[in-house]
Amino acid sequence: PFTAVWAPTGLRVEVPAHLSLLDALRRGGVPVESSCEAGVCGTCRLAVLDGEAEHDSVLACVSRAASPQIVVGP
Ligand code: FES
């Protein structure tokens, strides 16, 4: 599990192991667009503004943080 912060609003959501970052953000009311939901199309790509992920951006449908908290934005 990790915490994600949606940079535009400062909203914090917990991302438990059984939820994707995409689903956790959506449950918090953030309308992240998606298409394949399998890590292929790139529609759900978000910038990583702080914290650790494997790259400077994440695919919200499949990527997870490598630190306890990441800050993401459009
Ligand atoms: Fe296609 Fe995430 S929705 S990569």
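Nothing in this text is a laboratory measurement; each read-out follows from the coordinates by a stated rule. Note that the structure is a prediction, hence the values are computed from the model and not measured. Using ideal geometry, Cβ is built from the backbone for each residue, glycine included, and neighbour counts are taken over all protein chains shown.
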*So which residues in region 15-31 are within 9 Å of the ligand (Cβ to nearest atom) and part of a loop (DSSP other than H, G, I, E, B), if there are any at all?*
20
*Write out, first by first residue and then by second, each pair whose Cβ atoms fall under 8 Å of each other, whose residues are 6+ apart or on separate chains, and whose first residue, in region 35-57, is polar (S, T, N, Q) while the second is part of a loop (DSSP other than H, G, I, E, B) and surrounded by fewer than 12 Cβ atoms within 10 Å (Cβ to Cβ).*
43/33; 43/35
